[in-house]
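What follows draws every value from the coordinates through simple rules; no lab data is involved. The structure displayed is predicted, hence computed values, not measured ones. Cβ sites come from the backbone with ideal geometry, for glycine too, and all protein chains shown count toward neighbours.
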C-alpha cells in the first residue's frame, strides 16, 4: 500500500487533469469518468459527483420535492449535517432514537414518528456499520417515502446491491479528507437507480442548466444551438455544487486503491478489538448488520469504566494519552442538543435532553479510535498501549 495519504496514481492523475480535459484511460472528461467508474463499483445506474456529501444530501431532498411543511426523519446519533440538509429545503427535521446495540437508527421508532407530513427518511451508516436497510426499505415502501442513506462513513455495501428491493432510493457518499477514500479534502457523490431523480439531482447541483441529464453533466449540443442568441439555458434554480476535474482525477486514483484502503481500516479495527478482548467495560460496536461487514470508519466502543471503576471518560482519555496513546474522539453531540437547535419546538418535538434517551446515553459513552493509520506498526503500538492500560486497571 502506498504510505502517503493518496496513491501514486491519484497524484499522477491530478497532475494530468491540470493539462488535459480528458481522462485518456476512459476517454471521458474527468468528472463523468469518475462518475461512471463509481457507479459501476457501487452497483447503481446513475452517479452525480458533487463538491461534498452535504451538498448531495441537500440536492437529493430537493430532487424528491421536499420543501416547507414537510418532515424528514433522521437519527439522533449522527452529525448535524443530516438535519441541516433538511432545513436547507425549508422542511422540518424529526429526530429518531437509535438501536442500543448497533447505534444506528431504530426502524420501530422511525415508524412511530411517521405523520402525513413525512416525506423522507435519512438513514446513516454510523462509524461504518450499515443501517438496517431491509426494515427501513419495508417502512418506506409501506408509506411511500424516500429512503436516503447517508453513506459518508462507509463505502463497501456491495453484498446488498443485487437485492434491489433492499437498496435505498439514494445513497450519498462523502470524500472529505478523513473518509475511507478522499478526493483531496472535500467531495461527494450521489447514487440512484431512478433516472428522473438523477436528472433533478444533477440540475439542482449544477445551477439548474436545463440540458443536464441523468447520465452526463451535459448533453451533446452542436455549437450552432448553444451559440445562438435564442438559446435558453435554465429551466430550474440550482446551486453550484459541482465537482472539479482535479478532484475527480484524485477520486479515480483512490478508487483504484479502495480495496487496500478498506483492508487497512479493517486491520486496524481488528487490532483494537483484540486489545479489548475479555474487557467487560469496553463494548465494541457489532461488526456486521444483516450480513454486511463493518468497514470501520472508526473503531467505536462504549466506555463503561465510569460505572465499574469510577474512572470518568475524560480521566481514561488522560491515562491513555499519558501512556503514549494518540487519543480518541468522542461521539459528536446529539444534533438537537447543539446550541442551534436546543430548546426549540420543531414540528412534533421539543428539542431538549431526554428526547432520544438511547442516543444521549451512547453519546456520553462512545470512544472512537482512528483506523486510518498509514503504517501497521503505528496502530500495533496504539493497540498495545490500550491493552496495557486495560490490564493495569483490570479487565
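Evaluate segment 243-395: find the radius of gyration of its Cα atoms, find its Kirkwood radius, and give the ratio Rg to Rh. Spell out each step's value before the answer.
Working: Rg = 18.5 Å, Rh = 17.7 Å.
When Rh is taken as the Kirkwood radius, the ratio is 1.04.
With angles folded into 0 to 90 degrees, how steeply does helix 258-275 sit against the dominant principal axis of the chain? Use alpha carbons for both and round to 10.
10
Using Cα atoms only, what is the angle between the long axis of helix 313-322 and the major principal axis of the chain, expressed in degrees (0 to 90) to the nearest 10?
For 313-322 against the chain, the angle is about 90 degrees.
Enter the angle in degrees (range 0 to 90, nearest 10) between the Cα long axis of helix 8-17 and the first principal axis of the Cα atoms of the chain, meaning the one along which they spread out most.
30
When a footprinting reagent is the concern and you count Cβ atoms within 10 Å, what order do 326, 180 take, fewest first?
Fewest-to-most Cβ neighbours within 10 Å comes out as 326, 180.
Please arrange 169, 23, 259 by how many other C-beta atoms lie within 10 Å of their C-beta, fewest to most. Mind showing how you got there, number by number?
Numbers: 169 20, 23 23, 259 11.
Neighbour counts put them in this order, fewest first: 259, 169, 23.
When a/c is below 1.5 the answer is rounded, else prolate if a/b is larger than b/c, else oblate, so apply that to segment 291-354 with a ≥ b ≥ c taken from the square roots of the Cα gyration tensor eigenvalues.
Because a/c hits 1.5 or more and a/b exceeds b/c, segment 291-354 counts as prolate.
Arrange the following residues from fewest to most other Cβ atoms within 10 Å of their Cβ: 21, 106. Walk me through the intermediate numbers first.
Values: 21 9, 106 22.
Placing the least packed residue first, the sequence is 21, 106.
According to the square roots a ≥ b ≥ c of the eigenvalues of the Cα gyration tensor, what is the shape class of segment 1-92, taking rounded for a/c under 1.5, prolate for a/b larger than b/c otherwise, and oblate for the remainder? Walk me through the numbers before you get to the answer.
Details: a/c = 2.81, a/b = 2.04, b/c = 1.37.
In terms of gyration-tensor shape, prolate.
Among (1) 99, 47, 45; (2) 83, 54, 44; (3) 77, 51, 38, which is the computed Cα extents along the principal axes in Å?
(3)
Given the -39500 (n - 2.57) contribution per DSSP H run of 4+ residues, what per-residue ellipticity at 222 nm results for the chain, rounded to the nearest 500 deg cm²/dmol? Mind dumping the intermediate values first?
Numbers: 14 runs with 146 residues, N = 395.
Theoretical 222 nm ellipticity from helices: -11000 deg cm²/dmol.
At a threshold of 8 angstrom on Cα-Cα distance, excluding pairs fewer than six apart, so keeping six or more, what relative contact order does segment 259-393 reach in percent? Show your work: numbers first, answer last.
Details: 165 pairs, mean separation 46.8, N = 135.
Once divided by the residue count of segment 259-393, the mean separation gives 35 percent.
So for the chain, averaging the separation of alpha carbon pairs under 8 Å that are six or more residues apart and normalising by length, what relative contact order in percent results?
Details: 804 pairs, mean separation 81.2, N = 395.
Value for the chain: 21 percent.
Give the calculated FRET efficiency between residue 237 and residue 309 to the nearest 0.05, with a Förster radius of 45 Å applied to their Cβ-Cβ distance. Mind dumping the intermediate values first?
On the way: r = 57 Å, r/R0 = 1.27.
That pair, residue 237 with residue 309, gives E of 0.20.
For segment 179-241, state the average projected area of the convex hull of the C-alpha atoms over all orientations, rounded to one decimal in nm². Let's see the in-between values first.
Working: hull surface 22.9 nm².
Computing the convex hull of the Cα atoms and averaging its projections yields 5.7 nm².
Rounded, prolate or oblate, given the Cα gyration tensor of segment 66-152, with a/c below 1.5 counting as rounded?
On the way: a/c = 1.78, a/b = 1.25, b/c = 1.43.
Oblate is the answer for segment 66-152, as a/c is 1.5 or above yet b/c matches or exceeds a/b.
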